[in-house]
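The values are calculated or read from the model by the stated rules, or taken from the named source; none is laboratory data. Remember, it's a predicted structure, so these values are computed and weren't measured experimentally. Because the Cβ atoms are built from the backbone with ideal geometry, glycine has one as well, and the counts that use them run over all protein chains shown. Keep in mind that these areas ignore ligands, DNA and RNA; they rest on the heavy atoms of the full protein, side chains included. Shrake-Rupley method; radii C 1.70, N 1.55, O 1.52, S 1.80 Å.
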Amino acid sequence: MRGMISKPSLKALILRRLGDARVLLRNRRYPAAIYLAGYGVELALKYRICKIMEFTKGFPESKSEFNKYYQDTRKTILRQTMRSLWDIRHHNLPILLRYSGKQVNVKTRLNAEWGIVKGWNPEMRYINSTIRRHTANDFLNSASAIITGIL
């Protein structure tokens, strides 16, 4: 079991995944570029959740790690939220956005970009269909804008 992902590691992974997506785009590997750019958005949202929820040790990956944060929580409001935070352990971008504290900002200032990115999921790594360059390029540009807006 790997344990919590530290905030510095999350930030480094965000930048690496975007860089990887750009390399894949240049090399006409469009489905993979979309997959990694979406993964970068997921990591950026989890990074923001760490900040807003004061996850000082990093993003929890297991139920026991969530429970440690729950037990450490002194604030009643935050403690109640921690009960429902098990939701953030997965890859659903709209749910992660809801907990990131950036939902209003993204949906008002980056709504077009969010419309392109919000349907991403990790199952996209299995896509074997034809994706055109402009589709992948639009996704990557939207993902980059969302990540900038989140961080």
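In plain terms, the chain from Gln103 to His90 could stretch by 2.9 nm, reckoned as 0.36 nm per residue minus the Cα-Cα distance.
Just to verify a number: what accessible area does Lys118 come out at with the full protein assembly present, 1.4 Å probe, Å² rounded to tens? Here the accessible area works out near 100 Å². In order along segment 138-144, the phi-based Karplus estimate (6.51 cos²θ - 1.76 cosθ + 1.60, θ = phi - 60°) of 3J(HN,Hα) comes to 4, 5, 5, 5, 5, 4, 4 Hz; Gly and Pro are listed as x.
Summing +1 for each Lys or Arg and -1 for each Asp or Glu among the other residues whose beta-carbon sits under 13 angstrom from that of Ala143 gives -1.
Just round it to a whole percent: the fraction of Cα-Cα distances in segment 103-151 exceeding 17 Å. Considering segment 103-151, 37 percent of its Cα-Cα pairs are separated by more than 17 Å.
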